[in-house]
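One structure is given here, and the rest of the page talks about it.
No value in this document is a laboratory result; all are computed from the given coordinates. Bear in mind the structure is a predicted one, so any value in this text is a computation, not a measurement. Cβ: placed from backbone, ideal geometry, glycine included. Neighbour counts: every protein chain shown.
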Amino acid sequence: MIARGQCWTCCRREALCDGRKPTCERCEAVKLECMGYGADGLRGTGDTYRAPNQEIEPPPSGPEQKILPDAIRQSPTTSLYRRAQMIFEGLEYFNKLISPNIISDASHFNPYIVNLKRLESFPDHYVKVLVATAGFHRLMTAGPEPTPSSALIQRDVDIFGLRSEALGALNDQLAEPGAQTSDATLLTVVALLITSMQSSVHTEWRAHLEGARHIIHLRGGLKKIIENNQYFKPILIYFIMADVMGATTCSSKHKNMPVATLMALKYWEIEPNVLRLLAATPNPCPEEIFQSIILINYLRTIARDERSRKRRRSGTRMVLAKIIRFSPAEYAARMHNFTGWNTSGKDVGFAKCSPSTDPGSQRSDSSPESASSAESPKSISDQDLWFSVATVYRAASLIYGLRTLVVDADDDATLLLPPQEEGAPANDVAALREDARKALTDTLTPVFSDQDTMYRIGKLVMWPLFILGMEVHHQDTAQRRFFVDGFSMLSQTMGVLGPVGAIDELCHKWALEAERPQGDQVAWDDYFEGRPDYIVF
């Protein structure tokens, strides 16, 4: 068995460390140069990587899906040692540097951490996907070695091979009627969906999304799957998020939009408050706003159906009114004691706190803000996180709804706007958009004021940041630079390529508008139609 104590240098060189100083004797035995442990002693050991008591039970994997027996039980050859170490190192790296990025607050319980003591309980191809993801993430964060050794080159070859093995095994299972709908297959497909979104793969994520949708359909729907296996909630909430948010960045005539939007209309029927699970993800869209986005996506698909014109008009008024009435202050009061996933991984929780001592309760008496009167916090670092999150998602969803359902519509805007609230100024498209843009700008600008704030909050607001970027005029050089720099910093900080995709999309949109007459903005459908499938993540 490979010793857990090992220096980071040896770990990166695929060395077979045994913890003996000054150098590892096992490395020397197989003719690998060992760089030793350095003056600071052991670093990067497995014990410091794994967060204790941060694991949940894995879904059943089936007796044929084990990854390690060959690697750790057969004769200890060099290749088997290297493979076993690559697996352990990759999963430890995943636990330490990747899994914190897929929950909203790294201090909360993390159901995505892999329990290395129970590794044989996980599906073979699922583990391979995670290890390959760790390898790509490390390369993205650290960059290529200036003079890579043969061991490092072999490591990169092994990582690419591992992902190919996972995809091959998954394809084999999808060809078997008895295995194509198993928990293990669904788990792996959604894992591929998440990693593809992080890698900024334009079309691959869509293939995994539709593959997961097919499996879910064959198994009777999300409600039935979750009722049978509550442990699937942390992974399936990502499918829900990708399905809805992916529909915001594609044409309403996309071939998958009708199926996706109709399926999404039933998401909140899965179980009470199921959409509040989103608050534990890097896309912590408030439940009420997420429902509004679902409705906007659906209304976009019926925009050209003359038989649905009356329904579309009333639906547009309803959803815009719902967004305008949403109160970030009241939401922040509800979320002040949010504690993320509970230790069972079956739901999210809230700490008990007396209303008299709850700072968030001071906001609960605030009246709901209208789009024209909402005040944004001047600084995120010293303001309630959830107030800021609610503010930007409310403003972004309002812009998205106005752009796609009113501005781009072949209809009279006065028939699409909600009625004036008592005591509030009359609703006006230009005023609503301008106030929403201001709320987004005032709240998002401080996110990039320092590294810590950007790392903690930046990953939570990428969709609102993208929506604001879609509003920027192509001649506003300073604003364009803000978005390019912001997404670039997020990509480097998080070690993923997803934010880089947002830069490509925004730059293409600005270039298209530069070719048009002054003031002629590209319609949402016109921009995304014919483009590779893209999702903000």
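Miscellaneous remarks
- Amide H contacts of T339: G349, F350, A351, each under 5 Å away and 5 or more positions distant or on a separate chain (H built 1.01 Å from N in the peptide plane; Pro and chain starts excluded).
- Inter-label distance for S107 and N342, nm, one decimal - labels placed 7 Å from Cα along Cα-to-Cβ: 2.1
- Packing-based ranking of 110-122, 284-296 yields 284-296, 110-122, ordered from highest to lowest mean Cβ neighbour count within 10 Å.
- Using Cβ point charges alone (K and R +1, D and E -1), the dipole size of region 265-323 about the Cα centre works out to roughly 540 debye.
- Derived scalar couplings between HN and Hα for region 487-495 equal 5, 5, 5, 4, 4, 5, 5, 7, x Hz in order, rounded to whole Hz, by the Karplus curve 6.51 cos²θ - 1.76 cosθ + 1.60 (θ = phi - 60°), x for Gly and Pro.
- Under Karplus coefficients 6.51, -1.76 and 1.60, residue-wise ³J(HN,Hα) of region 392-399 in Hz, glycine/proline x: 6, 6, 5, 5, 5, 5, 5, 4
- Judged by the gyration tensor of its Cα atoms, with axes a ≥ b ≥ c, region 86-141 is oblate; a/c meets the 1.5 cut and b/c is at least as large as a/b.
- A protection proxy built from the mean count of other Cβ atoms within 10 Å ranks the segments 89-96, 521-528, 183-190, 509-516, most packed first, as 183-190, 89-96, 521-528, 509-516.
- Under Karplus coefficients 6.51, -1.76 and 1.60, residue-wise ³J(HN,Hα) of region 267-277 in Hz, glycine/proline x: 5, 6, 8, 4, 6, x, 6, 4, 6, 6, 4
- Lys/Arg +1, Asp/Glu -1 at C-beta; region 379-537 dipole; positive extreme among L402, G530, T477: T477
- Relative packing of 485-498, 240-253, which averages over residues the other C-beta atoms within 10 Å, highest first: 240-253, 485-498
- Within region 185-278, all pairs of alpha-carbon atoms sorted by distance into 5 Å bins from zero give the percentages 2, 13, 27, 27, 20, 9, 2, 0.
- Legend: distances between Cα atoms for K224/K253; K224/K266; K223/K346; K233/K346; K438/K459; pairs beyond 18 Å are K224/K253; K438/K459.
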